[in-house]
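K.L.:
This is the structure, below, for whatever I ask next.
Please treat every number below as a calculation from the coordinates, not as lab data. Values in this document were obtained by computation on a predicted structure and should not be read as measured data. Note that we place each Cβ from the backbone using ideal geometry, even for glycine, and neighbour counts take in every protein chain shown.
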Amino acid sequence: MAFESFRDWVQHLDEAGELMRISVPVATELEITAIADLEMKKPGGGKALLFEKPTIQGRISPFPVAVNTLGSWKRMALSMGRDTVDAAAQELGFLMKAKPPATLKQAMKILGTALELRHARPRTVRSGPCKDVIHRYEAPAGRTDAWPDAPDWRKGTDPFPPTLQDIPILKCWPLDGGRFVTLPCVVTQDPDTGDRNVGMYRIQVYDDRSTGLHWQLQKVAARHGRRYYETGQRMPVAIFLGGDPMFPFAATAPLPDGLDEFLLAGYLRKKSIDLVKCETNDLLVPANADFVIEGYVDPTEPLRMEGPFGDHTGYYTLPEPYPVFHVTAVTHRRDAVYPATIVGIPPMEDFYIGAASVKLFLPIFQMNFPEIVDMALPAEGTFHNLVVVSIRKTYPMQAYKIMHGLWGMGQMMFTKYIIVVDADVNVHNLSEVLFHLFADTDPQRDSLITRGPADVLDHATSEIAVGGKMGFDATRKIPGEGFRRPWPPLIRMDDEVRRRMAERFGAAG
């Protein structure tokens with residue numbers, strides 16, 4: 001199901017009974033976070049919140065703020081237009097595993113799936129609602145090389161130049177370095193290949209026309225940026241917010257480098273995405289976005305300290321130097337809704353976004369590792385810290401093969417702990433996982449410690465972006481793994497006795 005604006009998505013949540021409207025003024029400085037944090041920690045993720053009168057330093061903003069719109073399994077499924085996230089995963093899994101049809105029925109099914117893919121590829125259009133209101137700087141006549149910091153720049157036709165001060169950007173936590181855009185889709189382009197990337201990197205507002213760009217060194221945008229720094233050319237960047245909820249989801253998805261995030265978003269929403277060219281650079285953004293912030297990074301200027309920021313790790317990430325983003329234009333819909341999220345001590349909204357990505361991309365993991373049954377990233381692991389994976393074990397040391405394989409796959413390189421369990425263990429039940437970890441392992445024999453890349457947000461590593469990793473083989477041991485005793489059976493009641501007792505005493509209440 002495609003949503004044509006973030007307001008459209010919020011209205012859909014309201015009609016589904018998934019939205020709580022807050023009509024009294026609430027400050028974007030800390031107060032929205034305090035309310036959202038309580039709601040996100042309710043069982044099942046609580047409700048989505050719409051703050052109809054957010055205030056910026058005491059002034060009521062013309063734009064409402066929506067928070068926690070993807071913060072439950074139900075809302076994640078609604079955003080994909082499916083009954084469940086598993087249904088979307090099964091569809092994608094069928095595409096990934098499609099084989100030549102053996103019957104006419106199979107052929108028609110594959111054809112139907114292929115026809116749906118016509119919606120995946122984005123298309124370029126001349127304009128869209130994201131340009132309802134345009135604030136930009138214009139170069140003087142005959143000048144094409146000028147930027148807003150040049151002395152001969154003038155305002156455009158709009159009497160108000162682009163500014164970030166009128167957008168209800170949140171200051172989330174008390175020690176944050178300032179206001180942060182927390183749900184931005186950041187568009188960059190490889191200067192060599194032209195490949196586009198849409199990533200999500202927090203944006204710290206320095207003043208009305210400049211921000212920090214926190215793209216970690218392993219991210220695709222950082223790789224794009226390094227090429228611009230090598231050539232000394234100014235790097236165009238576009239940041240968009242809102243539009244279809246599949247946009248931020250796709251921006252956070254663990255796609256292979258070079259695969260366009262707009263393809264995934266178009267497939268999931270079953271409608272191609274209309275893209276428009278920015279006002280002050282050649283990057284393309286969704287025509288139905290709610291806000292677009294255009295600008296550039298200048299490789300010749302020094303980096304600037306960014307942070308602190310209360311992060312998804314549950315701790316503040318301390319200040320580090322990052323590129324400065326200079327604003328050249330701000331455009332938005334007339335009826336724009338500002339989308340935001342809050343990160344911190346789990347569980348938070350980001351748990352459901354990340355867990356949905358795991359479900360969606362499980363078929364891809366299974367193509368590389370057919371023995372994998374299921375995978376989970378528990379909320380307590382704050383994404384990368386802990387991965388639990390169940391396998392159908394058929395040969396010795398198979399669990400270690402899985403550990404090494406996962407650490408070598410994309411963002412899984414950040415995982416600190418991997419626990420491998422047998423196929424009959426429910427990886428989503430942390431109590432059951434811990435039982436088998438403690439009961440089925442010998443720490444000396446069944447653990448592995450190694451080193452590798454680490455998340456730059458991990459405060460526990462001795463060095464930034466480098467750290468240790470640990471794997472546990474919590475599967476049943478078989479010959480060839482140094483285990484020379486009989487493996488005992490797990491205590492289970494006889495199924496027939498259980499059935500008879502359920503019938504006998506269930507009927508009696």
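K.L.:
What are the residues whose amide H is under 5 Å from the amide H of K47, where those residues sit 5 or more places off or on another chain and H is modelled from the backbone?
P.N.:
For K47, no residues qualify.
K.L.:
If each of V125 and H459 carries a label point 7 Å out from its Cα toward its Cβ, how far apart are those two points in nm?
P.N.:
4.5 nm
K.L.:
Here's something else I'd like to know. Filter K359/K416; K271/K469; K53/K74 down to the pairs with a C-alpha to C-alpha distance above 31 Å, please.
P.N.:
Beyond 31 Å: K271/K469.
K.L.:
Could you give me the ³J(HN,Hα) list for segment 290-303, computed from phi with Karplus coefficients 6.51, -1.76, 1.60 and θ = phi - 60°, whole Hz, x at Gly and Pro?
P.N.:
7, 9, 10, 10, 9, x, 8, 10, 9, x, 7, 9, x, 5
K.L.:
Pulled fully out, how much extra length does the chain show between N429 and S23, if you take 0.36 nm times their separation in residues and subtract their Cα-Cα distance? Spell out each step's value before the answer.
P.N.:
Numbers: separation 406, 0.36 × 406 = 146.16 nm, distance 3.83 nm.
Full-extension gain reported as 142.3 nm.
K.L.:
A further question on this structure: Would you work out which of G307, T328, F369 lies farthest towards the positive end of the dipole of the chain, given +1 charges on the beta-carbon of Lys and Arg and -1 on that of Asp and Glu, about the Cα centre?
P.N.:
F369
K.L.:
Starting from the amide H of R476, placed 1.01 Å from N in the peptide plane, find each other amide H under 5 Å away whose residue is 5 or more places distant or on another chain.
P.N.:
Under 5 Å from the amide H of R476: D422.
K.L.:
Need one number: the % of Cα-Cα pairs in segment 118-340 sitting beyond the 27 Å mark. Please report the intermediate quantities before stating the final value.
P.N.:
Numbers: 7409 of 24753 pairs.
Pairs farther apart than 27 Å: 30 percent.
K.L.:
By average Cβ neighbour count within 10 Å, what is the ranking of 419-426, 230-237 from highest down?
P.N.:
Highest mean packing first, the order is 419-426, 230-237.
K.L.:
To continue, here is another question. Suppose we keep just the DSSP beta bridges with both residues in segment 419-483; what percent of those would be antiparallel, to 5?
P.N.:
80 percent
K.L.:
Calculate log10 I(q)/I(0) of segment 6-79 for q = 0.12, 0.14 Å⁻¹, where I(q) comes from the Debye formula with a single equal point scatterer on each Cα and nothing for solvent.
P.N.:
Computed log10 I(q)/I(0) values: -0.31, -0.41.
K.L.:
Sticking with this one: Averaging sequence separations of C-alpha pairs under 8 Å and six or more residues apart, then dividing by the length of the chain, give the relative contact order as a whole percent. Numbers along the way, then the final one.
P.N.:
On the way: 1068 pairs, mean separation 78.3, N = 509.
15 percent.
K.L.:
Further, regarding this structure: What are the residues whose amide H is under 5 Å from the amide H of K171, where those residues sit 5 or more places off or on another chain and H is modelled from the backbone?
P.N.:
Answer set, sorted by chain and number: E29, L30, F180.
K.L.:
State to the nearest 20 debye the size of the charge dipole of the chain about its Cα centre, where the only charges are +1 on K and R beta carbons and -1 on D and E beta carbons.
P.N.:
Here the size comes out at about 1320 debye.
K.L.:
Could I ask something else about it? Of G178, V387, F94, which is farthest on the positive side of the dipole of the chain, counting Cα position, with +1 on Lys and Arg Cβ, -1 on Asp and Glu Cβ, and the Cα centre as origin?
P.N.:
Comparing the listed Cα positions along the dipole, F94 ranks first.
K.L.:
Right, another one. Normalised by the residues of segment 307-448, what does the relative contact order come to in percent, with Cα pairs under 8 Å and at least six apart?
P.N.:
Reported relative contact order: 17 percent.
K.L.:
Continuing with the same structure: Please report the antiparallel percentage of the DSSP beta bridges confined to the chain, to the nearest 5.
P.N.:
75 percent
K.L.:
On C-alpha positions alone, give me the angle between the axis of helix 220-231 and the longest principal axis of the chain, in degrees, nearest 10.
P.N.:
50 degrees
K.L.:
With θ taken as phi - 60° and the coefficients 6.51, -1.76 and 1.60, list the Karplus ³J(HN,Hα) couplings across segment 378-393 in order, rounded to whole Hz; mark glycine and proline as x.
P.N.:
x, 4, 5, x, 6, 6, 6, 5, 9, 10, 10, 9, 9, 9, 8, 8
K.L.:
Could you derive backbone 3J(HN,Hα) for segment 313-322 from the dihedral phi with the Karplus parameters 6.51, -1.76 and 1.60 (θ = phi - 60°), listing whole Hz in sequence and x where the residue is Gly or Pro?
P.N.:
Along segment 313-322, the couplings run 6, x, 10, 6, 7, 7, x, 9, x, 9 Hz.
K.L.:
What do the square roots of 5 times the Cα gyration tensor eigenvalues come to for segment 369-473, in whole Å, largest first, as semi-axes of the equivalent ellipsoid?
P.N.:
So the equivalent ellipsoid measures 22, 14, 13 Å along its semi-axes.
K.L.:
I would also like to ask the following. Can you give me the angle between helix 495-507 and the longest principal axis of the chain, using Cα atoms only, in degrees from 0 to 90, rounded to the nearest 10?
P.N.:
70 degrees
K.L.:
Compute the acute angle (0 to 90°) between the alpha-carbon long axis of helix 430-439 and the principal axis of greatest extent of the alpha-carbon atoms of the chain; round to the nearest 10°.
P.N.:
So the inclination is approximately 50 degrees.
K.L.:
Of the options Q444, V358, Q411, report the single residue whose Cα projects farthest towards the positive end of the charge dipole of segment 343-444 (beta-carbon charges: Lys, Arg +1; Asp, Glu -1).
P.N.:
So the residue we want is Q411.
K.L.:
Here's a follow-up. Please arrange V276, V292 by counting, for each residue, the other beta carbons lying within 10 Å of its beta carbon, fewest first.
P.N.:
The fewest-first ordering by Cβ neighbours comes to V276, V292.
K.L.:
Mind putting a number on the dipole of segment 458-509 about its Cα centre? Charges go on the C-beta only, +1 for Lys and Arg and -1 for Asp and Glu, and I need it in Debye to the nearest 20. Intermediate results must be reported in sequence, preceding the final value.
P.N.:
On the way: 10 positive and 8 negative charges, 80 e Å.
That gives segment 458-509 a dipole magnitude of about 380 debye.
K.L.:
Please give the charge dipole size of segment 118-340, origin at the Cα centre, charges +1 on K and R Cβ atoms and -1 on D and E Cβ atoms. Round to the nearest 20 debye.
P.N.:
Roughly 680 debye, rounded to the nearest 20.
K.L.:
Moving on. If packing is taken as the average number of other Cβ atoms within 10 Å across a peptide's residues, how do 24-36, 376-388, 487-499 rank, most packed first?
P.N.:
Descending packing order for the listed peptides: 376-388, 24-36, 487-499.
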